Amino acid sequence: MASEMRNEEVLDKIERFDRILVGIGEEFDESGRLRQKPQYADGCGRLKSADCDWLIPAWNDFWREKLGDGNAAAALERLAELLEGKNVFAVSTSVNSKIAASGIRTVMPCGTGVKKQCVKGCGEVIQNVSEEEHNRLWQAFEMLADKKEAFCEKLQEMCCLGTCPKCGAPLVLNTVYAENYNEHGYLEQWNAYTKWLQGTLNHKLLVLELGVGMQFPSVIRWPFEKVVFFNQKAFLCRVNEKLYQLTEELAGKGCGISMNAIDWLKQL
């Protein structure tokens with residue numbers, strides 16, 4: 001079940017509703033755009049072969065920048081502009097680092113490339129990735145993009161982010177791509193989100209679900225439907241290129257827009 005809604009109607013709801021809950025999904029990873037570049041796919045293969053899957057979120061960030069950031073960055077800027085001054089909380093299943101830097105209050109349960117953890121998942125060992133480490137990764141990725149064999153043999157060494165202060169094991173990016181993902185990286189912000197969400201029950205709540213697929217449905221898609229179902233003053237606007245449909249239980253309480261969320265935001 002889906003019902004389209006004109007852009008001016010969505011803008012009116014953003015203006016009138018007391019609180020706004022935003023879901024930012026996998027469409028913001030721009031996987032399709034990145035895969036058009038053979039060097040990108042080749043690099044993904046090399047990273048996996050070297051047991052460096054944990055570097056893929058940063059590799060994606062690198063290529064988005066290399067291609068000019070493009071659509072996702074512009075869409076996030078537009079979203080921040082639309083929500084400025086509003087009581088907002090966002091949840092993201094994308095690990096695009098531009099989301100963390102958008103200025104929108106956001107929790108990222110799948111992690112982000114701006115933090116690092118112990119490869120073994122040691123307790124509360126969570127640190128920020130320094131500017132020097134970020135720059136070193138980008139230099140390494142330039143070599144990887146150029147398919148320089150000498151570099152590829154030293155991949156793990158050149159992408160080192162330091163060692164764990166507890167066990168001495170290597171540090172890796174704190175995302176779901178890590179073998180032993182440490183959830184301490186987002187739990188404090190998640191607690192703030194759940195507290196905020198509890199306070200929305202008797203308020204007019206606009207739920208904007210943008211580009212959320214079925215990769216992690218228990219994080220955004222299903223919980224958002226539950227929130228809208230129980231809050232009689234809530235309205236769900238689900239924007240997705242393919243998975244825009246709403247359940248029958250939400251009839252009259254939402255709309256589904258069949259469009260890529262990035263493109264939709266840019267023209268809103």
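List of remarks:
- Single match in 173, 210 (criterion: of a type in the set (A, V, I, L, M), in contact with a helix residue (DSSP H, G or I) (Cβ under 9 Å, 6 or more places away or on another chain) and more than 18 Å from residue 116 (Cα to Cα)): 210
- Exactly one residue out of 232, 215, 198 is open to solvent by 70 Å² or more (accessible area, probe 1.4 Å), in contact with a helix residue (DSSP H, G or I) (Cβ under 9 Å, 6 or more places away or on another chain) and either more than 30 Å from residue 137 (Cα to Cα) or not basic (Lys, Arg) (or both): that is 215.
- Considering residues of the stretch 104-131 that are within 30 Å of residue 79 (Cβ to Cβ) and part of a loop (DSSP other than H, G, I, E, B) only, the residue most open to solvent (accessible area, probe 1.4 Å): 105
- Considering each residue of the stretch 60-77 in turn, at least one proves to be aromatic (Phe, Trp, Tyr), out of contact with any strand residue (DSSP E or B) (no Cβ under 8 Å at 6 or more places or on another chain), open to solvent by less than 60 Å² (accessible area, probe 1.4 Å) and within 23 Å of residue 173 (Cβ to Cβ).
- Check on residue 187, modelled with pLDDT of 90 or more, more than 23 Å from residue 65 (Cα to Cα) and not in a strand (DSSP E or B): yes
- Residue in the stretch 225-243 that is in contact (Cβ under 8 Å) with a residue 40 or more places away in the chain and assigned to a loop (DSSP other than H, G, I, E, B) present: yes
- When 84, 30 are checked against the criterion of being surrounded by fewer than 14 Cβ atoms within 10 Å (Cβ to Cβ) and out of contact with any Phe, Trp or Tyr (no Cβ under 6 Å at 6 or more places or on another chain), a single residue qualifies: 84.
- Pairs are defined by a Cβ separation below 6 Å, a sequence spacing of at least 6 or placement on different chains, a first member in the stretch 253-268 that is basic (Lys, Arg), and a second member that is crowded, with 22+ Cβ neighbours inside 10 Å; the pairs so defined are 253/228; 266/75.
- Which numbered condition residue 209 fails, given (1) outside any helix (DSSP H, G or I); (2) under 20 Å from the mean Cα position of the chain (by Cα); (3) free of Cβ contacts under 8 Å to residues at least 40 places away in the same chain: (3)
- Residue match in the stretch 34-51 (condition: open to solvent by 30 Å² or more (accessible area, probe 1.4 Å), within 19 Å of residue 111 (Cβ to Cβ) and under 18 Å from the mean Cα position of the chain (by Cα)): no
- Meets criteria (of a type outside the set (Val, Ile, Thr), open to solvent by 40 Å² or more (accessible area, probe 1.4 Å) and within 30 Å of residue 50 (Cα to Cα)) for residue 188: no
- Condition met for residue 257 (closer than 19 Å to residue 11 by Cα, assigned to a strand (DSSP E or B) and of a type in the set (Val, Ile, Thr)): yes
The values are calculated or read from the model by the stated rules, or taken from the named source; none is laboratory data. For clarity, every value in this text was computed on a predicted model and none was experimentally measured. A quick note on method: Cβ atoms are made from the backbone with ideal geometry, for glycine too, and the neighbour counts reach across all protein chains shown. When the accessible area is computed, the model is the full protein with side chains, heavy atoms only, and any ligands, DNA or RNA have been set aside. Shrake-Rupley method; radii C 1.70, N 1.55, O 1.52, S 1.80 Å.
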